[in-house]
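Visitor: Below you will find the structure I want to go over with you.
The values are calculated or read from the model by the stated rules, or taken from the named source; none is laboratory data. Remember, it's a predicted structure, so these values are computed and weren't measured experimentally. When we count neighbours, we look across all protein chains shown, and the Cβ atoms used for this are built from the backbone with ideal geometry, even at glycine. Heads up: the accessible areas ignore ligands, DNA and RNA and are worked out on the full protein's heavy atoms, side chains in. Shrake-Rupley method; radii C 1.70, N 1.55, O 1.52, S 1.80 Å.
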Amino acid sequence: MAMFSYRAADAAGNVIQGTLEAREERQVVAHLQQGGLIPLRINQAVAATRWQDKLPLRRGRIPTREVVNFTQELAALLKAGLPLDRSLQALEHVTSRTAMKAVLSQVLRDLQEGKTLGDALSRHRIFSPLYVSLVQAGETGGFLEEALDRLGDYLNTVSEFRSYLLTALIYPMILAGVGGLSLILMLLYVVPRFESFFNEMGQSLFWSTRLLIALSQALRSYWWLGALLAMAALIGLRMLVQSSEGQFQIDRFKMKAPFLGDLSRRVAAVFFAKTLGTLLANGVPMVSSLRVVIASVNNRYLAKSLKGVLGNVEKGQQLSGLLKKVGMFPELFLQMTAIGEETGHLADMLLSAASSLENDARRAVRRLLALLEPVLILVTSLVVAFIIVSLLLPILNLYEIQF
């Protein structure tokens, strides 16, 4: 038996929170529904440690997960028949983050003044143009609950995919950092101890040993110069990232690099296909959908390449042919887009392509990590072996001379 925490609403829109012991999540859902409650969120409860209880909450920032939970819970309340304003009031009441509570309070005031939900949400930066467009399409077409439900699934999938990519890169970064730190410590503390011993020996040293001692002396004598150069490099990199031209060149490198480029193009195709497919499936016109997609593209180099696509689509040209000319999308994505246009099911084909490309991207990340980790270990091992052999050669040579 496991302990589950739940958030549910009754028929009047009151939100109830609590915990329940059950074997699996669906038993909790059945228990709540038998009691006349609408399940909003169910999570397996985890016992908090003392240090977790003492961590202060960051109330000024609204994480993506908070927006995903809000979207899914609002869709569930609207499907249960609660009015929009009553649903928002219930979610505002149970929201723990001050920043999110302030946003919902302002949205409620805008609704009471006669604004639509889409217009009210568009005033807040946490809701992207994609989010606002889907909500507006749902309001216009009379399917706001379905639009929010699809939007919640979309945001949840995108958030999980981004988290997977970031998490997958943590271990190689730690491995590279620990390896580099170990080499620096050996040059600073291990090599100098052998250097004094070699000086007492008074014999000629091997070229590798002389090189190692020279590197150690340079690091000990001019570490401040290295620190200044590293600081200058960081400042230069920061200025490059903050400038529009620098960001454009960095994004261009991401799309054109030998190994990184292929993965970046796959990831870009996943977000493009999923975003455009979600918009089209919710009744947003093609031209309006493309405007939202291009505005939400994070890569400036790709966004610039797609601007010409928008103008030609407005003239009636096929999307698949225009995307092929861009030259930055996988062939599978282009073929599925062309089939979707020919059959009249472009939205469904784009969502299918997004799912297939996401699986390909995950496999590509696993292959990259499977190659990167051994390479980092091998390089670090070779450098450590070079240091050890360079330090032992003079000692072994001394024993040979004595015998």
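Visitor: Restricted to the range 94-103, and to residues that are in a helix (DSSP H, G or I) and surrounded by 19 or more Cβ atoms within 10 Å (Cβ to Cβ), which residue is farthest from the chain's Cα centre (by Cα)?
Guide: Restricting to residues being in a helix (DSSP H, G or I) and surrounded by 19 or more Cβ atoms within 10 Å (Cβ to Cβ), the top hit is 103.
Visitor: Based on this model, can you work out whether residue 120 counts as buried (at least 19 other Cβ atoms within 10 Å of the Cβ), in contact (Cβ under 8 Å) with a residue 60 or more places away in the chain and in a helix (DSSP H, G or I)?
Guide: Here the answer is no, as residue 120 does not meet what is asked.
Okay, residues lined up against (1) under 29 Å from residue 148 (Cβ atoms); (2) surrounded by 13 or more Cβ atoms within 10 Å (Cβ to Cβ):
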site	(1), (2)
221	no, no
227	no, no
250	no, yes
254	no, yes
273	yes, yes
279	yes, yes
285	yes, no
288	yes, yes
294	yes, yes
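Visitor: Restricting the search to the range 198-212, which residues are touching a residue at least 24 places away in the same chain (Cβ under 8 Å) and more than 16 Å from residue 386 (Cα to Cα)?
Guide: Of everything in the range 198-212, those that are touching a residue at least 24 places away in the same chain (Cβ under 8 Å) and more than 16 Å from residue 386 (Cα to Cα) turn out to be 198, 201, 203.
Visitor: Which one is surrounded by the fewest Cβ atoms within 10 Å (Cβ to Cβ), of the residues in the range 36-90 that are among the aliphatic types (A, V, I, L, M), at pLDDT below 70 and assigned to a loop (DSSP other than H, G, I, E, B)?
Guide: So the residue we want is 47.
Visitor: Which condition breaks for residue 109 when tested against (1) without any contact (Cβ under 8 Å) to a residue 40 or more places away in the chain; (2) touching a His at 6+ places or on another chain (Cβ under 6 Å)?
Guide: So the condition that residue 109 fails would be (2).
Visitor: Pairs only if they're at least six apart or on different chains, beta carbon under 7 angstrom, first in the range 312-330 and touching a residue at least 40 places away in the same chain (Cβ under 8 Å), second surrounded by fewer than 19 Cβ atoms within 10 Å (Cβ to Cβ) and basic (Lys, Arg); list them, first residue then second.
Guide: From the range 312-330, no pairs qualify.
Visitor: Which condition number in (1) over 24 Å from residue 275 (Cα atoms); (2) crowded, with 17+ Cβ neighbours inside 10 Å; (3) of a type outside the set (Gly, Ala, Ser) is the one that residue 111 fails?
Guide: (2)
Visitor: If you don't mind, another one. Taking the criterion of being of a type in the set (Ser, Thr, Tyr) and open to solvent by 70 Å² or more (accessible area, probe 1.4 Å), would at least one residue in the range 123-131 satisfy it?
Guide: Checked the range 123-131: no residue is of a type in the set (Ser, Thr, Tyr) and open to solvent by 70 Å² or more (accessible area, probe 1.4 Å).
Visitor: Go through the residues of the range 156-174 one by one and say whether even a single one is within 30 Å of residue 282 (Cα to Cα), open to solvent by 80 Å² or more (accessible area, probe 1.4 Å), in a helix (DSSP H, G or I) and touching a residue at least 60 places away in the same chain (Cβ under 8 Å).
Guide: The answer is no, given that none of the residues of the range 156-174 is within 30 Å of residue 282 (Cα to Cα), open to solvent by 80 Å² or more (accessible area, probe 1.4 Å), in a helix (DSSP H, G or I) and touching a residue at least 60 places away in the same chain (Cβ under 8 Å).
Visitor: Pick from the range 175-187 the residues that are out of contact with any Ser or Thr (no Cβ under 7 Å at 6 or more places or on another chain) and open to solvent by less than 60 Å² (accessible area, probe 1.4 Å): which of them is farthest from residue 216 (Cα to Cα)?
Guide: 175
Visitor: Kindly indicate the residue of the range 356-395 that is open to solvent by less than 60 Å² (accessible area, probe 1.4 Å) and of a type in the set (Val, Ile, Thr) and also farthest from residue 318 (Cα to Cα) among those meeting that condition.
Guide: Filtering first and then ranking leaves 395.
Visitor: Here's a follow-up. In the range 332-355, what count of residues is obtained for those that are open to solvent by 40 Å² or more (accessible area, probe 1.4 Å) and assigned to a helix (DSSP H, G or I)?
Guide: Number of matching residues: 11.
Visitor: Sticking with this structure for a sec: Can we say residue 270 is touching a residue at least 60 places away in the same chain (Cβ under 8 Å), in a helix (DSSP H, G or I) and either of a type in the set (A, V, I, L, M, F, W, C) or in contact with a helix residue (DSSP H, G or I) (Cβ under 8 Å, 6 or more places away or on another chain) (or both)?
Guide: Considered against the rule, which asks whether it is touching a residue at least 60 places away in the same chain (Cβ under 8 Å), in a helix (DSSP H, G or I) and either of a type in the set (A, V, I, L, M, F, W, C) or in contact with a helix residue (DSSP H, G or I) (Cβ under 8 Å, 6 or more places away or on another chain) (or both), residue 270 comes out as yes.
Visitor: Within the range 359-403, restricting attention to residues that are among the acidic types (Asp, Glu) and at pLDDT below 80, which residue is nearest to residue 154 (Cα to Cα)?
Guide: Among those that are among the acidic types (Asp, Glu) and at pLDDT below 80, it is 373.
Visitor: Right, another one. Among residues belonging to the range 303-331 that are in a helix (DSSP H, G or I) and more than 16 Å from residue 291 (Cβ to Cβ), point out the one that is most open to solvent (accessible area, probe 1.4 Å).
Guide: Among residues in the range 303-331 that are in a helix (DSSP H, G or I) and more than 16 Å from residue 291 (Cβ to Cβ), the one most open to solvent (accessible area, probe 1.4 Å) is 325.
Visitor: Which residues, taken from the range 132-143, are within 21 Å of residue 81 (Cβ to Cβ) and crowded, with 22+ Cβ neighbours inside 10 Å?
Guide: Of everything in the range 132-143, those that are within 21 Å of residue 81 (Cβ to Cβ) and crowded, with 22+ Cβ neighbours inside 10 Å turn out to be 135, 138.
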